[in-house]
Amino acid sequence: MSAATVGRKAIRIANGFVNLCVLGAIFLLLAFGSYAIWDSNQVHAAADAQNYERFHPVIENETASFADLQAINPDVFSWLTVYGTNIDYPVVQGHNNIRYVNTDARGNHSLSGAIFLDYRSGPDFSDFSSILYGHHMENRVMFGEIGLFSDKSYFDARRYGMLYISGQEHGLEFFAFVHADAYDHGVFRNGITGTEAQQVYLDMLLQMAVHTRPDVSVSTDDRIVLLSTCSETSTNGRDILIGRITGETFHDPFLTETAADRQAIPIVDKLPDLWGALPLWIQLGAGAIILLLIALVLVLICMNRRRRRKETRYDIR
């Protein structure tokens, strides 16, 4: 066997090995991509407020009650609703601010976490200022809609909410939207006592606010709540929606809208996530078809190259 023949065989073997590696990499990418899509959908599905709807304390349900959820997880003590959004969740409080970052309201491990009250705040919201935390997530789950309040029209249209405290329904009137740094200890403070200190804190929030409601009068006699989540606009940024707790409850002006209607509201400064809106089986199927087409093209290219090599060899003879 001549050296030229051995060289050609070595080249064919190497070429075949490379082709197999490419095809293997494509199928690995397909498997990884499929899993990533499935896992992302699982995380968002676990965070959907509808999972807790049957435990809602102010809605009569035959299948479950708020007390049933508390029996599952005693750390559940309140409920938060922001009218005109999908924020409609039970509220928990742990012994630190790490516990519910990756734990849901049922006490199960979940990347979506739960809406939780700062562990240094009183569970009866009797402090002048209380801070609620939640993940900023896509698909408008958890606190994923807080950032939308940066748009003036969105802020103006969503003024009220509900906070369930100690077995009673209380109103929430949102009067400011603030963008702050996560390490701004002047904003993320607890246990502010004394009229003077409380007024200084309130004035600071109003001065920092991107939007306020001039017709809402807030004083040190009020109790305020900060809804804080990560911001898309900066690495350490936090978007904070601030409301005052009232003894008066407010009508939900969005009650006549369906969930589909609320989802149809355009996201400010973002293109619609058309791909994410597709059902999971369509996403997986489309991904598989695209990758299979790529693999088919590569196979045809390889077959064509082999055919050309044979034709060239015959021509030489």
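The values are calculated or read from the model by the stated rules, or taken from the named source; none is laboratory data. Since we're looking at a predicted model, the values are computed, not measured. We place every Cβ from the backbone using ideal geometry, glycine too, and count neighbours over all the protein chains shown.
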Output the residues belonging to the stretch 106-158 that are surrounded by fewer than 17 Cβ atoms within 10 Å (Cβ to Cβ), among the small types (Gly, Ala, Ser) and within 26 Å of Leu255 (Cβ to Cβ).
Ser153, Ala157
Can you name the number of the only condition in (1) of a type outside the set (Gly, Ala, Ser); (2) assigned to a loop (DSSP other than H, G, I, E, B); (3) free of Cβ contacts under 8 Å to residues at least 60 places away in the same chain that Gln199 fails?
(2)
Answer with yes or no whether Leu227 is under 19 Å from Ile146 (Cβ atoms), part of a helix (DSSP H, G or I), assigned by TED's automatic domain parsing to the domain that holds Thr85 and modelled with pLDDT of 75 or more.
no
When restricted to Thr85, Thr63, the only residue hydroxyl-bearing (Ser, Thr, Tyr), part of a loop (DSSP other than H, G, I, E, B), assigned by TED's automatic domain parsing to the domain that holds Arg223 and in contact with a Lys or Arg (Cβ under 6 Å, 6 or more places away or on another chain) is Thr63
Within the stretch 161-174, identify whether any single residue is over 23 Å from Ile59 (Cβ atoms), crowded, with 19+ Cβ neighbours inside 10 Å and either without any contact (Cβ under 8 Å) to a residue 40 or more places away in the chain or in contact with a strand residue (DSSP E or B) (Cβ under 8 Å, 6 or more places away or on another chain) (or both), and answer yes or no.
no
Options Leu291, Leu298, Leu241; residue that is surrounded by 12 or more Cβ atoms within 10 Å (Cβ to Cβ), outside any loop (DSSP other than H, G, I, E, B) and either at pLDDT 85 or above or touching a strand residue (DSSP E or B) at 6+ places or on another chain (Cβ under 8 Å) (or both)
Leu241
Would you call Phe177 in the same structural domain as Gln198 (by TED's automatic domain parsing), crowded, with 19+ Cβ neighbours inside 10 Å, within 22 Å of the chain's Cα centre (by Cα) and at pLDDT 95 or above?
yes
Considering each residue of the stretch 57-116, count those that are touching a strand residue (DSSP E or B) at 6+ places or on another chain (Cβ under 6 Å) and hydrophobic (A, V, I, L, M, F, W, C), and give that number.
12
